[in-house]
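Here's the structure we're looking at; comments come further down.
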Amino acid sequence: MSWRGALSRRLAGSPRAAAIAASGVAGWLGCAGYPTLAEPASAKRVDELTLRVPPRLAADFEAWLPSYVKQLVELPGFLGAKLLSAATPADEAPAVVFVLGGPGAGKGTQCARIVEKHGYVHLSAGDLLRAERTSGSAQGQMIDEYIREGKIVPVEVTVKLLLDAIRADGGRRFLVDGFPRNTNNLSGWQGQAGSAMRVAAVLVFDCPEEVMEERLLERGKTSGRSDDNAASIRKRFATFRDETTPVLKYYEHQGLVTTIDGTRPVDEVWADTTAFIDSLEAGWRRREEA
Ligand SMILES: Nc1ncnc2c1ncn2[C@@H]1O[C@H](COP(=O)(O)OP(=O)(O)OP(=O)(O)O)[C@@H](O)[C@H]1O
Ligand SMILES: O=c1ccn([C@@H]2O[C@H](COP(=O)(O)O)[C@@H](O)[C@H]2O)c(=O)[nH]1
């Protein structure tokens with residue numbers, strides 16, 4: 001499958017910008033372990049740029065690569081690159097902060113404090129899935145198996161639960177905790193929620209596996225969670241490393257990621273977390289006043 005997009009039209013007549021964009025795209029695809037750029041833009045005049053993508057990845061790429069490329073060509077120095085359409089939804093759309101990090105990194109703990117101090121609405125994708133699992137719905141058993149195995153539930157299920165919760169709440173500032181977990185989640189979100197929601201930031205809690213494992217085993221003594229045991233924890237770590245890392249890379253390239261060291265005591269992590277939310281809010285206020 002070849003992917004062709006608006007990039008070529010926007011870059012027509014701007015070979016320098018195209019070459020930079022091409023090497024950026026190729027570098028990123030390479031470092032994510034995906035196939036590299038098939039036809040680098042070396043011609044004097046660039047009318048079209050083609051990326052070859054294996055069929056199993058085609059749907060993912062179609063949904064989110066174009067928006068990534070849009071971000072790329074907006075960077076300063078990309079001479080002549082013009083957007084044909086807005087890269088981000090209107091500012092009026094409800095804002096979402098994705099909260100990511102390995103299992104046990106402290107996402108839920110910090111989110112609870114953000115809710116209390118800053119008034120955000122906290123939606124944990126894992127909590128929504130656990131609630132759906134016990135609701136007696138037909139898909140409950142399927143969700144149960146995925147969670148136990150540390151695998152990622154099909155995106156249609158998760159995005160529907162998230163969007164239903166967002167719409168039911170009607171708020172303007174949401175913390176979406178533990179999502180998107182893989183590139184399929186990302187494309188599903190962009191397809192179903194992309195135009196209605198604004199991803200304002202991605203907050204990542206960084207923590208080594210040994211520390212997270214200790215926390216989860218301790219939590220497992222009382223949590224009642226079917227995946228807080230040594231075997232499931234190992235699988236969850238592997239899923240995070242293999243599937244969530246490319247999502248983090250994607251948002252890093254968009255300049256949306258803030259990483260906080262989650263290894264420290266809760267209060268120290270919180271000091272950085274609340275400072276981050278304050279700076280996010282200050283940025284919004286400045287934009288509103290401008
Ligand atoms: N900074 C910290 N220091 C020590 N323990 C912590 C810290 N943050 C959270 N914990 C504890 O570690 C466990 C996991 O924390 P938490 O549930 O917030 O993580 P999480 O990232 O949301 O996990 P999961 O992805 O598995 O839901 C909890 O028992 C929590 O009390
Ligand atoms: O977007 C998501 C979020 C979670 N899952 C599944 O749930 C478990 C538990 O998630 P926590 O964030 O630790 O509560 C996770 O291991 C996945 O199996 C999911 O599929 N998609």
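We did not get these values from a lab; they are worked out from the coordinates using the rules stated. Please read these numbers as outputs of a predicted model, since none were measured by experiment. All Cβ positions, glycine included, derive from the backbone under ideal geometry; neighbour counts span all protein chains shown.
Values for this structure:
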| read-out | value |
| --- | --- |
| Cα-Cα pairs of region 93-284 separated by more than 29 Å (percent) | 17 percent |
| Using θ = phi - 60° and Karplus 6.51 cos²θ - 1.76 cosθ + 1.60, couplings along region 277-290 (whole Hz; Gly, Pro as x) | 5, 4, 6, 4, 5, 4, x, 5, 4, 4, 5, 5, 6, 5 |
| Interchain or long-range residues, amide H under 5 Å from Val199's placed H | Val96 |
| Cross-link pairs Lys160/Lys221; Lys117/Lys235; Lys151/Lys221 - those with Cα-Cα distance over 25 Å | Lys160/Lys221; Lys117/Lys235 |
| Equivalent ellipsoid, region 93-136 (semi-axes from 5 times Cα gyration tensor eigenvalues, Å) | 20, 14, 11 |
| Cα-projected label distance for Glu214 with Ser195, points at 7 Å along beta-carbon direction, nm | 5.0 nm |
| Residues Asp272, Asp227, Asp267 arranged by fewest to most Cβ contacts within 10 Å | Asp267, Asp272, Asp227 |
| Cut-off under 5 Å, modelled amide H: who pairs with Asp228 long-range | none |
| Translational diffusion of region 91-186, µm² s⁻¹ [Kirkwood Rh, Cα pairs; Stokes-Einstein; 20 °C; 1.002 mPa s] | 153 µm²/s |
| Straight-distance crosslink candidates among aspartates and glutamates, where the alpha carbon sits under 15 Å from Lys107 and sequence neighbours closer than 8 are dropped | Glu116, Asp127, Asp177, Asp206, Glu209, Glu213, Asp261, Asp267, Glu268, Asp272 |
